[in-house]
Amino acid sequence: MSGGAVAGAVAGDEHGTGSAWASVARAGFLRSAAPWRAAGYLLVTGVSGLLLCAGLLLSAVVAGALAAVLVGVPLAAALGLAGLPTAAWERRLVRYLDGGRVANPHRVPERPGLAAWLRLRYREQATWRELGFALLAAFVLWPIDLAVVGCVLAVPGYLVAALPLLVLDGEQVNVLKVVEVHSAVLAALLGLAGLLLLPLLAYPVAVVAAARASLVRLVLAPGGREQRIGELVRSRARLVDAFEAERRRIERDLHDGAQQRLVALTMALGLARLDAPADGPLVARLAAAQREAGEVLAELRELINGIHPQVLTDHGLPEACGDAADRSPIPVTTGFDLPGRLPAPVESAGYFVVTEALANIAKHSGASTASVEGRYAEGWLTVEVADDGRGGADPERGTGLTGLADRIAVVDGTLTVSSPPGGPTLVRVEIPCTPIDGRGV
Amino acid sequence: MSGPTAEGLRLVVAEDGVLLREGLVDLLARFGHRVVAAVGDAGALCAAVEDHRPDLVVTDVRMPPGQTDEGLRAALVLRERTPGLPVLVLSQYVQRSYAARLLDAGDGTGVGYLLKDRIGQVEEFVAAVGTVAAGGTVVDPEVVRQLLRRRRDPLERLTPREREVLALMAEGRSNAAICRALVVSDAAVGKHIGNILMKLDLPPAEETHRRVLAVLEFLRA
């Protein structure tokens, strides 16, 4: 029953309902509806396969004939998607057979519209797997399905029918065109054998149906692990996007709220100072209050910049990195050669790598200078942060660099750290991206 | 520009925070200036300048609808349309790139970049308004401090003292104010400024213009 294990691992994970294999092994198999379902399943797949075969051949002929007038070309291209409805139908049939859901391997297009849908479908591996399965179902599987169902119903049917036919004929009857039967006793015995055979033949039917369902699961269900990993990667990207949006929201709230009000407060204090008698103690008190408010403003500004640097949104990666370099306690040179603005998640990932790397350099490297270099070539942004420190940075230790690697992984980039003992350290991040037409660059 | 004086300027103020906008109007009125239009976004700013032809524009960097640096970009557009229109930009950002954009557009005269914190220092703020309206250059001390931490080539040649002097120049201070701030003689400041101009390879020209060029050199990335 190793097949059951495979089928279970591939698709039985969504519901507890197992595969058709399990139903064969169950004690009450013959009394259950399973044999009838199996026979019905094979009958339907057989007939639909036959129809599919006819439909495909017809479409191919029409497409071929029309190719001369170019109308056939889009039709032929559409044939490439023939696997989609076939696969949807097959997945539904499997569910009818054993109740186990076969997940849809297709992704939902990110944008609405037919063009986006087509682009996604033609790029998906699942589409081509489904087309392969449709061809298999149309030209190989349906004869097998119909043959099995046919045999299973026909053999016991003929055997049982032997006695009535003999009675009608009176002379002899050819059972299954092989055995000539003359005596009613033999015919009755054959009829009995047919009745006994019927439940026995339920087993091969169920096994063939289960095998077919397993094939459907193998080919038409999402590629198990990979699909799940893909889903995890996407969900992680969504989480990071959500965090990013939340940071922006907090930054905006602080900017529009607390920061504005504090500015208004210092202004009010400044005006009050003008009104206060110049020689009284009030002036000094007001000045002290204003100093305090000013310091809070400066702290708030630092805080807001740490949450989300507006300079990154407004002016892009080179300027934001230039600012990070300005803030570094050791001298940092920067050099960027980019064709324009890059997508916000890419800029953000690159920026945070630079700030984290500069913070590490200042804290641990003992370097006297550092450099930040960025360039764009052939679809990749490369940013390198180098120092002349003592090296020995270990990406495995410390959460800073690991956190960076996670951040970069979300945008499909890579982070490499070269830091031999004795130095120097080079942190390189590479992210695939396409420049966008930035505003006001 | 019909020779604006420190008193009685006609201003257009653009700031999206109502509290602050009203406060600025009051504050400027107190010092004898007249705010001819107080607006809340970049589009209205451009329209108001078109209508009123003010002596000075005071604008916030970040404004609706985009909540990015729309105010700053509007200021650049305005200066392109009306060369020499004095613009004082109020900002929450110490980042060099904002100030540099402003100072790089045009010849760098009659522009100011101040953090909003500075509005509270009412007299200094109003003095800065006067300096910018008179064609001077004013950069927030905090931004200047940020710049000083950066070591860049032409400035490497300056002595620490000369850099101090240059930083004060960038803040829009006069020679006399620099003398007071550093507690040195007028002659000493003159000598420092001469050295700075020489070391930055600035062409001989009218003194004020060379001072502005030195400040621009200082601010450039």
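Specify the longest stretch of chain B that does not include any exposed loop site, a site being one of the GluC sites (Glu not before Pro) with a non-H, G, I, E, B DSSP assignment and at most 16 other Cβ atoms within 10 Å. After excluding every exposed loop site, the longest remaining stretch is B:8-205. Other residues whose C-beta falls under 14 angstrom from the C-beta of A:Ala293 contribute a net charge of +3, scoring Lys and Arg +1 and Asp and Glu -1. The label point for B:Ala177 and the one for A:Leu30, both projected 7 Å from the Cα toward the Cβ, are 10.6 nm apart. Taken residue by residue and averaged, Cβ atoms of other chains lying within 10 Å of the Cβ of B:21-32 number 2. Exposure proxy shown here: for A:Lys363, B:Lys116, B:Lys199, the number of other Cβ atoms within 10 Å sets the order, fewest to most, as A:Lys363, B:Lys199, B:Lys116.
On full extension, the segment bounded by A:Ala288 and A:Cys151 gains 39.3 nm, given 0.36 nm per residue less the C-alpha separation.
Assuming 0.36 nm per residue, please report the length gained on full extension of the stretch A:Leu51 to A:Ala237 beyond their Cα-Cα distance.
Net length gain for the segment: 62.6 nm.
Taking every residue in A:295-301 and counting other chain Cβ atoms within 10 Å of its Cβ, the average works out to 3.
Could you tell me the calculated FRET efficiency between A:Ala377 and A:Arg119, based on Cβ-Cβ distance and R0 = 35 angstrom, to the nearest 0.05?
Numbers: r = 26 Å, r/R0 = 0.74.
E(calc), rounded to 0.05, equals 0.85.
For the stretch A:42-73 versus the stretch A:289-341, the spacing of their alpha-carbon centroids is 63 Å. Extension gain for A:Leu43 to A:Arg92 (0.36 nm times residue separation, less C-alpha to C-alpha distance): 16.2 nm.
Here the contact order of the stretch A:2-222, divided by its residue count and restricted to Cα pairs under 8 Å and six or more residues apart, works out to 32 percent.
What FRET efficiency would be calculated for the residue pair A:Leu218, A:Leu300, taking the C-beta separation as r and a Förster radius of 51 Å, to the nearest 0.05? Before the final figure, lay out the partial values.
Working: r = 59 Å, r/R0 = 1.16.
For R0 = 51 Å, the calculated efficiency reads 0.30.
Arrange the following residues from fewest to most other Cβ atoms within 10 Å of their Cβ: A:Val149, A:Val44, A:Val140. Show your work: numbers first, answer last.
Working: A:Val149 23, A:Val44 16, A:Val140 11.
Least crowded to most crowded, the residues run A:Val140, A:Val44, A:Val149.
May I ask you to derive the FRET efficiency for A:Leu274 and B:Glu50 from their Cβ-Cβ distance with R0 = 30 Å, giving the value to the nearest 0.05?
Working: r = 34 Å, r/R0 = 1.12.
The calculated FRET efficiency here is 0.35.
Over all other residues within a Cβ to Cβ distance under 14 Å of A:Glu378, the charged ones net out to -1, with Lys and Arg as +1 and Asp and Glu as -1. For chain A, the relative contact order is 12 percent, taking Cα pairs closer than 8 Å that sit 6 or more residues apart in sequence and dividing their mean separation by the residue count. In this structure the amide hydrogen of B:Glu171, modeled in the peptide plane, comes within under 5 Å of the amide hydrogens of B:Val139, none closer than 5 places in sequence on its chain. Taking 7 Å steps out from each Cα toward its Cβ at A:Ile436 and B:Lys191 produces label points 5.7 nm apart. Mean sequence separation of contacting Cα pairs (under 8 Å, at least six apart), scaled by the length of the stretch A:314-432, corresponds to a relative contact order of 25 percent.
Counting, for every residue in A:315-328, the Cβ atoms of other protein chains within 10 Å of its Cβ and taking the mean gives 4. The listed peptides B:183-193, A:45-55, A:382-392, ordered by packing as a protection proxy, come out as A:382-392, A:45-55, B:183-193 (highest mean of other Cβ atoms within 10 Å first).
Between B:Met198 and A:Leu81, the simple spin-label model (points 7 angstrom out along Cα→Cβ) gives 7.8 nm. Need one word for the stretch A:222-300: rounded, prolate or oblate. Basis is the Cα gyration tensor (sqrt eigenvalues a ≥ b ≥ c); a/c below 1.5 gives rounded, then a/b vs b/c decides. Note, shape of the stretch A:222-300 comes out prolate.
Quick check on the exposure proxy: order A:Trp142, A:Trp89 from fewest to most C-beta atoms within 10 angstrom. Could the numbers behind the result be given before it?
Values: A:Trp142 21, A:Trp89 16.
If I rank by nearby Cβ atoms, fewest first, I get A:Trp89, A:Trp142.
Any read-out appearing in this document is the output of simple, stated calculations on the displayed coordinates, not a laboratory observation. These numbers were taken from a predicted model, which means no experiment stands behind them. So basically every Cβ, Gly included, is an ideal-geometry build from the backbone, and we count neighbours across all protein chains shown.
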